[in-house]
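Just below is one structure, and these are the notes that go with it.
The values are calculated or read from the model by the stated rules, or taken from the named source; none is laboratory data. Keep in mind it's a predicted model, so treat the numbers as computed, not measured. Counting neighbours? That spans all protein chains shown, and the Cβs are built from the backbone with ideal geometry, glycine included. Quick note on the areas: whole protein, heavy atoms, side chains included, nothing else; ligands and nucleic acids left out. Shrake-Rupley method; radii C 1.70, N 1.55, O 1.52, S 1.80 Å.
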Amino acid sequence: FAYVGPVNHAHVQQHCDAYKQCLEQHGYELMVHQPHSSDALKQWLRSAPKPMAVFCWGSHWGGRIINACAADKINVPHDVAVLGSNYDEIYNEASFPPQAGIEMNPRHIGELAASVLDRLMKGQAVEKLEWFLEPVKVVEKPSIDTFAVADERGRQAIDFLNQNALNPISVDDVVEV
């Protein structure tokens, strides 16, 4: 598991720490990477153990990872599965493969912000400075559509079936893979 984003910002580090804590509770470790250039990102992706699941700070970081993988012929999602911490329909659909993301409720966010601002403008105290907002759902897209298959031949057979799902194929075709 990996996290990619600008962890030098406190709010991003807080996001990363929450993910790390969740993984540790299940016995997993987290690799954290903050690339400073496209070349650094490509270098890290080349050297990182595979398969891996990457959780990103925002869709733009996920897009950068998907593009870097494509440039180095690293298979998304089988070698690197990519999930953005938000879902922007236009941005996420524009990558190839389309990027999965976490959908939030912007209306709820706006209502909460307006409520806090209203209290502050009336000179009233605000009960707290930080809120945890539950995500609505994970918007599943091909960037995470993979199976955890340890056997390489089994993974190749699954890939072949996925790529040829609409073609007339036989068991012999799958065996030849």
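Miscellaneous remarks
- Radius 15 Å from Cβ of residue 45, net charge of other residues (Lys, Arg +1; Asp, Glu -1): +2
- GNM flexibility winner over the chain from 35, 77, 106 (Cα, springs under 10 Å): 106
- Helix 38-47 axis, angle to the chain major axis (alpha carbon atoms, nearest 10°): 50
- Separation of alpha-carbon centers, the range 1-59 and the range 142-173, rounded to whole Å: 28
- For the chain, built as a Gaussian network whose Cα springs stay under 10 Å, the top-fluctuating residue of 82, 136, 32: 136
- If R0 is taken as 30 Å, the Cβ-Cβ distance between residue 131 and residue 48 corresponds to a FRET efficiency of 0.35.
- Over the range 42-137, the hull volume per residue, using the convex hull of the C-alpha atoms, is 120 Å³.
- The Rg/Rh ratio for the range 66-108 is 1.06, where Rg is the radius of gyration of the alpha carbons and Rh is the Kirkwood radius.
- With every protein chain in place, the range 27-177: carbon and sulfur % of accessible area (1.4 Å): 55
- Residue among 36, 78, 108 with the largest mean-square fluctuation in a Gaussian network model of the chain, springs linking Cα atoms under 10 Å: 108
- Cross-link reach is defined here as a Cα-Cα straight distance under 18 Å, omitting same-chain residues fewer than 8 places apart; for residue 128 the aspartates and glutamates meeting it are 111, 118.
- Whole-number accessible area per residue in Å² for the chain, which is evaluated in the context of all protein chains at 1.4 Å: 65
- Helix 10-25 vs. the chain, principal-axis angle (Cα, 0 to 90°, nearest 10): 50
- Taking 16 Å as the straight-line reach from the Cα of residue 73, the aspartates and glutamates in range (excluding those fewer than 8 positions away in the same chain) are 39, 159.
- Among 24, 127, 93, the sequence by solvent-accessible area, most first, with a 1.4 Å probe is 127, 24, 93.
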